[in-house]
Amino acid sequence: MSHEVFISYQTESQAFVEQLCKLLESYDIKCWYGKRDVISNHASEIPKAIRGCKVFLLVVDENVATHPRGDILNEVYLASNLFKKGLLDMMSVNITNIEYEDDELLYHLGRLQKKFLIDKMLPDGAINLLAELLTRLGRGECPVSYGNVPGDVRYKNDYFDINDDHECERLNTQLHILKKFDSDVYDRILSGRKGLSVLDIGCNEGNLTMDRFGKRPEVRKIIGIDINADAIESAKSNFENEKASFYLLNGEDADFGYDLAEIREKHDIDKFDIIHISMLLLHMENPSKLLKRIKPLLSKGGKLFIRDIDDTLTFVHPDPMGGFNRMIRICAREELSGYRHSGKEIYSMLIENGFRNVALEKKGLDTSQMTLEEKDALFHTYFSFIYEDTKILYLRNPENKRVLDDYNWLENNYGALKQEYDRPETLFQLGFVTYTAEK
């Protein structure tokens, strides 16, 4: 069977269906919907697709609830007959609170299907639907809980263990790889200026902070903040001096502005000339709130620098067995990786919060001009953390079937994928993005 879920919908809900399909397919629930999967003949291909599915899923928007088109009624009629014969299940996703007003639709649906109310893919509705589908398809329990949906829903992720030597080494490798990626952006926003004050939000242990700003003569004062107490203690121990100071501070706390005002007063900083945020927003549930809070802190002519990730830009080619694509999907759905499509949303968030001169400076770091050593390092900065994080999740919950399947698959295929990656014709691009903006 090429697909398990047939999605029936009217064209007004196309964007919702695309998002829903991304979520379900990140859990290997193969979907079929007309806009993407009809090849040439709707009249013959749609009935065949309905007969070939395990679950018929109707997306009910206001139009379907009140005035469904004939093709929707035909699909529901065929599915309801197959349901009565025990050949498939029926469910609906309601993205409107309007009750069914169409008598024919109500007649065919009746009490046959389970309903899920989802408003623009809110996490609780999405999880309930996902859990029900996994159960009906014989996949076991849903591996995520509210507020922790991978794929296309943001969630808060505070994971960092300073005692994890592998992760610390990986981040240090990433630091050096990224130097080539956007060092010219740093040069442009710093060169020719003097007496600059820098705020680094999410500074971690301070390695990136000091590497990019510590030796720059243009910089007078650096303030690094992070929510991880161990990381801040390490930064203080290794880097704190007259130029650089580090504080335990959470940009999402209600007292953030007050606490930062005290720090600014202590160091005689009115506004910051550079606000630096690297690989943080993907781990935040509401990054727009942080952007709104920091805008007043930026000086006139100051620069906001943001680096983040967007795995829609991430690919490996060739990928004849689909192994790299599976690793990217594992990364998207495992809870330690953050929101892997964060980067593409940042431009809109900056505009919505009133920033000016917003520029997408860089997108996609690829191996085409890298040395063999650099290419190897990029493999380890991305693929090794997928393997290590999956191992952590497996050790936390060895009964989770999806995590167990992913872990066993990685154990059996990781070495072969590395050999495939090392071939000279293999190109890898990792979806780093860099933005700058002004107040």
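The values are calculated or read from the model by the stated rules, or taken from the named source; none is laboratory data. Predicted model only: the values in this text are computed from it and were never measured. Methodologically, a virtual Cβ is constructed for each residue, glycine included, from the backbone with ideal geometry; neighbour enumeration extends over all protein chains shown.
For this structure, a couple of remarks:
- For segment 221-231, the criterion of being among the basic types (Lys, Arg), over 27 Å from the mean Cα position of the chain (by Cα) and surrounded by fewer than 18 Cβ atoms within 10 Å (Cβ to Cβ) is satisfied by no residue at all.
- Filter result for Lys292 (out of contact with any strand residue (DSSP E or B) (no Cβ under 6 Å at 6 or more places or on another chain) and surrounded by fewer than 23 Cβ atoms within 10 Å (Cβ to Cβ)): yes
- Condition check for Glu265: in a helix (DSSP H, G or I), acidic (Asp, Glu) and free of Cβ contacts under 8 Å to residues at least 24 places away in the same chain: yes
- Yes/no for Ser44 being assigned by TED's automatic domain parsing to the domain that holds Ala131, in a helix (DSSP H, G or I) and at pLDDT below 90: yes
- Any hit, segment 271-287, residues being buried (at least 22 other Cβ atoms within 10 Å of the Cβ), closer than 22 Å to Asp230 by Cα and polar (S, T, N, Q): yes
- Only one of Ile346, Ile351 that is modelled with pLDDT of 90 or more, crowded, with 17+ Cβ neighbours inside 10 Å, assigned by TED's automatic domain parsing to the domain that holds Glu425 and at negative phi: Ile346
- Leu313 being surrounded by fewer than 21 Cβ atoms within 10 Å (Cβ to Cβ) and either out of contact with any Gly (no Cβ under 6 Å at 6 or more places or on another chain) or under 19 Å from Thr367 (Cα atoms) (or both): yes
- Out of Arg216, Arg220, sole residue that is farther than 19 Å from Arg307 by Cα, part of a strand (DSSP E or B) and not hydroxyl-bearing (Ser, Thr, Tyr): Arg220
- Residue pairs meeting the criteria (Cβ under 9 Å; at least 6 apart or on separate chains; first within 21 Å of Ile328 (Cα to Cα) and among the basic types (Lys, Arg), in segment 384-400; second at pLDDT 85 or above and part of a helix (DSSP H, G or I)): Lys391/Tyr407; Lys391/Leu410; Lys391/Glu411
- For the residues Glu205, Glu242, the requirement of being under 23 Å from Gly302 (Cβ atoms), acidic (Asp, Glu) and in a loop (DSSP other than H, G, I, E, B) singles out Glu242.
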